[in-house]
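Engineer: Dumping the structure here so I can ask a few things about it.
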Amino acid sequence: LTSSQSGSGIVSDPYIFSNLFFNATIGDVLEIKDVTLYFVFDNVVVSNTPFYITNSNLVKFSNSYIISKAAGIRIIQVDSFQFLNNSIVAEGVTKAFYGLGISNVEIVNNTIIQNTDNQNTLAIVGFSSTLSKNVTMSFNNILSLGISIFVDLFEYSSINNNHINVSHSENIIGDNLNIRFSNYANFSNNIIEGYGYATSNLIASYSLTDTT
């Protein structure tokens, strides 16, 4: 890959990092933390390490590929970003995509795979988000050998038109869709298949009209 950088780092002209390849030693973590400048990642390959973005001004993460023996990508306390057209593969007892305290987010047209078959299904999740709001998640393919989607305190958000699949050994019970305490959340027009079961525990206004 031939790497490139453009932009000035301000909100109207973010830094754009593209065509980057990161190949780390297993056990290391690639982390961007407390960055006040605005930035975009496009066409990035991250191998053998999780990618953490914490309390920083991410604008967009797109057209990229992450494969890790541990977590895939963790985005924590980040507001107003797009996550588009990416492929995330996690092969450890962890979450492929984990968002904590994210808000005003579009997650569209990604492939998210958690590729570990293990009895501890609560630790093995394709897409997980907690304490998040105004998240739109659509047209994604999500496969997990534990839980495909787990959301908790996931408010004013929507999970629509996704393909959600749990595919693991028949003797291991996993959830396709596990929803907890998510006010004013909308879940509709998703295709849900595979072994396991779906649970919902929403405590306020919501709709759940999935096709199983």
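Engineer: Nothing charged except the Cβ atoms of Lys and Arg (+1) and of Asp and Glu (-1): what's the magnitude of the dipole of segment 1-108 about its Cα centre? Round to the nearest 20 debye.
Structural biologist: So the dipole magnitude of segment 1-108 works out to roughly 180 debye.
Engineer: Percent of accessible area on segment 1-113 owned by carbon and sulfur, 1.4 Å probe?
Structural biologist: It is 49 percent, rounded to a whole number.
The values are calculated or read from the model by the stated rules, or taken from the named source; none is laboratory data. This one's a predicted model, so the numbers in the text were calculated from it and none came from an experiment. Cβ: placed from backbone, ideal geometry, glycine included. Neighbour counts: every protein chain shown. Surface accessibility is based on the protein's heavy atoms, side chains included, excluding ligands, DNA and RNA. Shrake-Rupley method; radii C 1.70, N 1.55, O 1.52, S 1.80 Å.
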